[in-house]
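The values are calculated or read from the model by the stated rules, or taken from the named source; none is laboratory data. The structure displayed is predicted, hence computed values, not measured ones. Neighbour counts run over all protein chains shown; Cβ positions are idealised from the backbone, glycine included.
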Amino acid sequence: MTDNERDTQDGIDLPSSAYELGVDATGATHYHSAMAHKVWVVENDEISISFDVDDIQDYRAHVADTRGWDEIHLSDKGAAGTLVDLVEEAIEGGRNGVSA
């Protein structure tokens, strides 16, 4: 799928490269696409606003200051993907004689 192709996440039409960035204190879900340099804010099952974003860290800080985060994912893989990476690293470390 290319970035121009569409994907449906939680019933919302977004580029296939978009991932869930997090949920703010108002309950809005933020999606980000590094390829599109864009963030979409979804409220009440609709895109309420979108932003052009060059620095996702600045955007995360902006939301933290203005709305606050209830939940935030630290990578584009989301929480589950980050956990999988940590488990894989631990397994690989064990294979190399490194104990956790």
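Points to keep in mind about this one:
- Whenever a residue of the range 33-46 is outside any strand (DSSP E or B), its partners that are among the polar types (S, T, N, Q), lying with C-beta atoms within less than 6 angstrom and at least six residues away or across chains, give the pairs Met35/Ser17.
- Number of positions in the range 54-66 that are at pLDDT 95 or above and in a loop (DSSP other than H, G, I, E, B): 0
- Any hit, the range 26-34, residues being aliphatic (A, V, I, L, M), at pLDDT below 90 and on the phi < 0 side of the Ramachandran plot: yes
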